[in-house]
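Below: the structure, in C-alpha cells.
Since every read-out is calculated from the coordinates, none of them should be taken as a lab result. What you are looking at is a predicted structure, and each value in this text was computed from that prediction instead of being measured. Here Cβ is always computed from backbone atoms with ideal geometry, including for glycine, and neighbour counts include all displayed protein chains.
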Amino acid sequence: MSYRAILFIAALGCASALEAQENPLSTELKQNYHQRKSALMAEADRMPDADYTFKATPDVGTFGSRVAHVADAQFMICSAVKGETKKANTAGKTSKADIMAALKASFDYCDGVYDSFTDATSTQMVKVFGHSETKLSALWGNLGHDEEMYGYMAVYLRLKNLVPPTSEPRTKK
C-alpha cells in the first residue's frame, strides 16, 4: 500500500473521530435512539397477534394499546421538534399488523429528525405538549418515554412466558 493511501485512510479515520467529538451530544443521542428503536420493534414483534388484546390486569390497557401509544407519542414529539404537527392515527387499530405498521411509521418519521439533529441545533427551542424546551430535551424525553414503555411492555411479555429482547443471553462475537 502506498504512503498516500495510508495517509488518506488515516485522515478518513481521524475525520470520523473528529466529527463524533464535535457532536458528542447528538452522537450519543442517536446511538441511544437506534438501540431503543431496535428493542421496541423486536418487543412489539415478539408478542403474538392473538395477544395484542392481552391485559396484564383488568385496569390497564392492552399490549397493543401500549405499542400504539409509543407510535402516537413519537409522532407528537418528533413532529414538534421538526416544527410540524403530525399524528400516528392509531385510533381503533387492534391487529398486530396495523399497530406494528404504525410503530414502524413513527420510527421512520423520527429517523429523519434524529439523523438531522446536531449539537448546533440542540439548544433550539420547540413547543412540546404546550411548553417550551430545547430540541435536546425533547428528544431525550422521547427516549425516556420509549424506555419506560419498553419496561412496561416487558411485563406483558413475561406474563405470556416470553423473554423481552434485551433480556436474551448475549452471544459472543
Each residue of the stretch 92-100 in turn: what ³J(HN,Hα) in whole Hz from Karplus with 6.51, -1.76, 1.60 and θ = phi - 60°, glycine and Pro shown as x?
x, 7, 10, 7, 4, 4, 5, 6, 4
Show the residues, 5+ positions off or on another chain, whose built amide H is closer than 5 Å to the amide H of Val128.
Glu133
From the backbone phi of the stretch 34-40, what are the Karplus-calculated ³J(HN,Hα) couplings (6.51 cos²θ - 1.76 cosθ + 1.60, θ = phi - 60°) in whole Hz, Gly and Pro given as x?
5, 5, 5, 4, 4, 5, 5
Exposure proxy order (Cβ contacts within 10 Å, fewest to most) of Thr171, Thr62
Thr171, Thr62
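Sort Ile77, Ile99 by Cβ crowding within 10 Å, fewest neighbours at the top.
The fewest-first ordering by Cβ neighbours comes to Ile77, Ile99.
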Quick check on the chain: take the gyration tensor over C-alpha atoms, sort the square-rooted eigenvalues as a ≥ b ≥ c, and tell me if it's rounded (a/c under 1.5), prolate or oblate.
oblate
At a Cα cut-off below 17 Å, give the lysines reachable from Lys86, other chains included and same-chain residues fewer than 8 away excluded.
Lys104, Lys127, Lys135
Sort Val67, Val163 by Cβ crowding within 10 Å, fewest neighbours at the top.
Val163, Val67
Go through the stretch 124-141 residue by residue and turn each phi into a ³J(HN,Hα) via Karplus (6.51, -1.76, 1.60, θ = phi - 60°); whole Hz please, and just put x for glycine and proline.
5, 8, 9, 9, 10, 6, x, 10, 7, 7, 6, 4, 4, 4, 4, 6, 5, x
Skipping prolines and chain starts, which residues have an amide H placed within reach, meaning under 5 Å, of the one on Lys160, given they are 5 or more residues away or on another chain?
none
Please work out the Cα center distance from the stretch 119-157 to the stretch 18-67, rounded to the nearest Å.
12 Å
